[in-house]
Amino acid sequence: MPTIDILLPGFAIDTDQGHPAFCGVFLVRGPDTAGRPRTVLVDAAHVGRRPFLRDALAAHGLTAGDIDTVVLTHAHWDHVQNIDLFPHATLVVHRDERRYAHTPHADDWATPGWTGLLLEQLPVREVTDGEEIIPGVEVLALPGHSPGSIGVVVRTDRGRATVTGDALHFAYVARTRRNPLVFWDEDAATRSIDRVLAVSDVIYPGHDRPFRMTEAGDIDYLERFALTLTGLGPDTPGLSFADGTSRPTWTMPGVREQRALYEKNAAEIDRRISRVPRVLRPDLPGAGPARG
């Protein structure tokens, strides 16, 4: 039976000067259909967390070379930037997410124009809803936050654990059923939240601690909150705190236009993908040995 561990916790914190965007990074391990052990990373975080990711892998007795599969719940900057640490791995991403990353909308600040180039630096496996990554680990299509957002359902001894990415950023979203950031389709985003709740015993959100929903509809966190801030103190002049337990939905300007352009330019997107050079090679210094 596969297992899931938290490598880097997600945090529901924000500021009026920018987004720390600390997404959760998860380690899933289990045998493949031939009984060989497989090590799967779900999301990779941004480069500000790179040394912490390496340390977290080491704490589990692993190096980057031990990761054979990297699953992206979606291709936003805070989830994707560290994939170059894993040049031996296969990158698992939804077909729609891969294609959108090559032609992001000008108002999509979470998908920089270089995102498509970065994705193509690893061997890519496109997936759709219901596909098996390894036995007991399946893809759950969760579009809305982005065109090809996916979750990863892990059948553990504690029940079905779903890594949601930003289809469900924070635990409170399970109660409001409103995604606070929509770059593709608000109605689809709401349906995806409902889908997560319908299939999950334990939920691992994109930017919060894992939790269960009680029969009374309350949030039961399974991990304690722990975060240390440096350079600031409770008495720092000008420091203030705002209520972040619920946030209004922000929908990207131009989403309807972008969906139409995506459909219109589908063939050109495929041609663009085929021409992307792969400059990241497993034999480069720092890549680490491949897993045997």
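Among the residues of region 153-172, which ones are among the charged types (D, E, K, R) and surrounded by fewer than 21 Cβ atoms within 10 Å (Cβ to Cβ)? Even if it seems obvious, please write down each step before you answer.
The first filter runs over region 153-172 and keeps only residues among the charged types (D, E, K, R), leaving 155, 157-158, 160, 166.
Passing the criteria: ARG155, ASP157, ARG158, ARG160.
Is it the case that some residue within region 85-92 is among the hydroxyl-bearing types (Ser, Thr, Tyr) and modelled with pLDDT of 95 or more?
yes
When you scan region 182-292 for strands (runs of 3 or more DSSP E) that lie fully inside it, which ones turn up with 3 or more residues that are modelled with pLDDT of 95 or more and over 28 Å from TYR100 (Cβ atoms)? If you could, list the steps in order and put the result at the bottom.
On the way: elements: 202-205, 211-213, 219-221.
Here the list reads 211-213, 219-221.
If you go through region 190-217, how many residues are acidic (Asp, Glu), closer than 21 Å to PHE11 by Cβ and free of Cβ contacts under 8 Å to residues at least 24 places away in the same chain?
Within region 190-217, residues that are acidic (Asp, Glu), closer than 21 Å to PHE11 by Cβ and free of Cβ contacts under 8 Å to residues at least 24 places away in the same chain number 0.
Those residues that are charged (D, E, K, R), under 26 Å from ILE203 (Cβ atoms) and over 20 Å from the mean Cα position of the chain (by Cα), I need them from region 15-53; list them, please.
Across region 15-53, the qualifying residue is only ASP32.
Which residue, of THR111, THR73, is among the polar types (S, T, N, Q), in contact (Cβ under 8 Å) with a residue 24 or more places away in the chain, in contact with a Leu (Cβ under 9 Å, 6 or more places away or on another chain) and closer than 27 Å to PRO210 by Cα?
Details: THR111 fails: in contact with a Leu (Cβ under 9 Å, 6 or more places away or on another chain).
Sole residue among the options that is among the polar types (S, T, N, Q), in contact (Cβ under 8 Å) with a residue 24 or more places away in the chain, in contact with a Leu (Cβ under 9 Å, 6 or more places away or on another chain) and closer than 27 Å to PRO210 by Cα: THR73.
Being in a helix (DSSP H, G or I) and either hydrophobic (A, V, I, L, M, F, W, C) or within 21 Å of GLU132 (Cβ to Cβ) (or both) is the filter here, so list the residues in region 22-53 that pass it. Before the answer, list the steps.
Our first condition is that a residue be in a helix (DSSP H, G or I); within region 22-53, this holds for 47-53.
The answer is VAL47, PHE52, LEU53.
For region 220-238, enumerate the residues that are closer than 24 Å to THR15 by Cα and in contact with a strand residue (DSSP E or B) (Cβ under 8 Å, 6 or more places away or on another chain).
Within region 220-238, TYR221, GLU223 meet the criteria.
Looking at region 54-100, which of its residues are part of a helix (DSSP H, G or I), more than 14 Å from the chain's Cα centre (by Cα) and crowded, with 19+ Cβ neighbours inside 10 Å?
Residues satisfying the conditions are ALA56, LEU57, ALA64, GLY65, ASP66, ASP84, LEU85, ASP96, ARG99, TYR100.
Pairs, please: C-beta under 6 Å, at least 6 apart or cross-chain, first residue without any contact (Cβ under 8 Å) to a residue 24 or more places away in the chain and in region 257-280, second surrounded by 11 or more Cβ atoms within 10 Å (Cβ to Cβ) and among the small types (Gly, Ala, Ser)?
Once the first residue is without any contact (Cβ under 8 Å) to a residue 24 or more places away in the chain and sits in region 257-280, no partner that is surrounded by 11 or more Cβ atoms within 10 Å (Cβ to Cβ) and among the small types (Gly, Ala, Ser) comes close enough.
Residue check, LEU122 against (1) more than 28 Å from PRO37 (Cβ to Cβ); (2) touching a Leu at 6+ places or on another chain (Cβ under 7 Å), all met but one. Which one?
(1)
The values are calculated or read from the model by the stated rules, or taken from the named source; none is laboratory data. Because the structure is predicted, anything quoted here is derived from the model rather than measured. No Cβ is skipped: glycine too gets one built from the backbone with ideal geometry, and neighbour counts run over all protein chains shown.
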